[in-house]
1. I want to confirm something. Restricting to segment 147-159 and keeping residues that are of a type in the set (A, V, I, L, M, F, W, C), under 24 Å from the mean Cα position of the chain (by Cα) and open to solvent by 20 Å² or more (accessible area, probe 1.4 Å), which single residue is nearest to ARG51 (Cα to Cα)?
2. Being polar (S, T, N, Q) and over 29 Å from LEU204 (Cα atoms) is the filter here, so list the residues in segment 88-132 that pass it.
3. Check whether at least one residue in segment 76-89 is at positive phi and touching a residue at least 12 places away in the same chain (Cβ under 8 Å), and report yes or no.
4. Conditions: (1) out of contact with any Lys or Arg (no Cβ under 9 Å at 6 or more places or on another chain); (2) under 16 Å from ALA129 (Cβ atoms). GLU73 meets all but one. Number of the miss?
5. Could you go through segment 171-179 and let me know if any residue there is under 17 Å from ALA29 (Cα atoms), among the charged types (D, E, K, R) and either touching a Cys at 6+ places or on another chain (Cβ under 6 Å) or not in a helix (DSSP H, G or I) (or both).
6. Can you tell me how many residues in segment 13-22 are over 15 Å from the mean Cα position of the chain (by Cα) and not in a helix (DSSP H, G or I)?
7. Please tell me if LEU162 is out of contact with any strand residue (DSSP E or B) (no Cβ under 7 Å at 6 or more places or on another chain), within 22 Å of MET63 (Cα to Cα), modelled with pLDDT under 85 and open to solvent by less than 50 Å² (accessible area, probe 1.4 Å).
8. Criterion first (surrounded by 12 or more Cβ atoms within 10 Å (Cβ to Cβ), within 16 Å of the chain's Cα centre (by Cα) and either modelled with pLDDT under 90 or farther than 29 Å from HIS24 by Cα (or both)) does ALA196 satisfy it?
Amino acid sequence: MLYYPAPNPDAKRARVFTRHDFLHSLKVASITRQAERNQLLICMSHGCGLRVTELSQIEVQDMLFVSGVARSEVSLRAAITKGCRQRCIYVTHKQTIAALERYLTFRIKHGLGTELTAERYRGLSPSTALILTHKGSKFYLNTKRRKNFAGERVDYLACDSLQARITDVYQKAGIKQGSSHSGRRSFASNLLHNGASLDTVRQLLGHSELNHIMPYLEVRPEKLRQMFEDAI
């Protein structure tokens, strides 16, 4: 069985993005190679709280009905999630929907993972990965080893090549400490800032314990001030 590593408390945390950071990174992504793909990666990371390994393994049939209509509620298969826990994400933000449509159109236009007939899944092969390399292949998952919470050496899956694509966009945008995990941290922190309970954040991130979500959260100063105002 493959595990994910325990977070390193001494490591620098991925930056939590402001709205400006997010929009700026999308603008920069629009002028990169594979712009449609890179914009979708950023939108799904920030808008759905997805890990990079999950992004690399989502398939066309996860995102589309057979008719070709995009799903607003997407079930992440247990096999691709951390801890093998199935969860749902919701592709409802207008920028994420638009980015998905642009990328699907790009794939169809360039024949990336397409079939002879367009009657099902818009002509895309349902079992192909949603996110593909520029050559039209699935991003490679590599096995790494690190200590878990118990201090034991365990193997876990990583997708370094896809992670590098996301980090490269943030570097080009001049965003310091931006990484593939920034979207997930920003997603969680924005939920908290907008009034979501910790348990709701836990469920949407797909964690089993509340204490597992604490490394993701960053409370904004204005939220802390408001909490003091509302204390009595």
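1. So in segment 147-159, the residues of a type in the set (A, V, I, L, M, F, W, C) come out as 149-150, 154, 157-159.
Subsequent filtering for residues that are under 24 Å from the mean Cα position of the chain (by Cα) retains 149, 154, 157-159.
With open to solvent by 20 Å² or more (accessible area, probe 1.4 Å) added as a condition, the list becomes 149, 157.
Working: PHE149: 19, LEU157: 11 Å.
Among those residues, the one meeting the criterion is LEU157.
2. THR114, THR117
3. In the first step, residues of segment 76-89 are kept if they are at positive phi; the result is 83-84.
From what is left, the residues that are touching a residue at least 12 places away in the same chain (Cβ under 8 Å) are 83.
Checked segment 76-89: at least one residue is at positive phi and touching a residue at least 12 places away in the same chain (Cβ under 8 Å).
4. (2)
5. Within segment 171-179, one or more residues are under 17 Å from ALA29 (Cα atoms), among the charged types (D, E, K, R) and either touching a Cys at 6+ places or on another chain (Cβ under 6 Å) or not in a helix (DSSP H, G or I) (or both).
6. Quick first cut of segment 13-22, residues over 15 Å from the mean Cα position of the chain (by Cα) only: 13, 18-21.
Filter once more, keeping what is not in a helix (DSSP H, G or I): 13, 18.
Result for segment 13-22: 2.
7. Details: out of contact with any strand residue (DSSP E or B) (no Cβ under 7 Å at 6 or more places or on another chain): yes; within 22 Å of MET63 (Cα to Cα): yes; modelled with pLDDT under 85: no; open to solvent by less than 50 Å² (accessible area, probe 1.4 Å): yes.
Taking the combined requirement at face value, the residue does not satisfy it.
8. Working: surrounded by 12 or more Cβ atoms within 10 Å (Cβ to Cβ): yes; within 16 Å of the chain's Cα centre (by Cα): no; either modelled with pLDDT under 90 or farther than 29 Å from HIS24 by Cα (or both): yes.
The answer is no for ALA196.
The values are calculated or read from the model by the stated rules, or taken from the named source; none is laboratory data. Every value quoted in this text rests on a predicted model; they were computed, and no experiment measured them. Neighbour counts are summed over all protein chains in view; Cβ atoms, including those assigned to glycine, are modelled from backbone coordinates with ideal geometry. Protein only, heavy atoms only, side chains kept; ligands, DNA and RNA dropped before computing areas. Shrake-Rupley method; radii C 1.70, N 1.55, O 1.52, S 1.80 Å.
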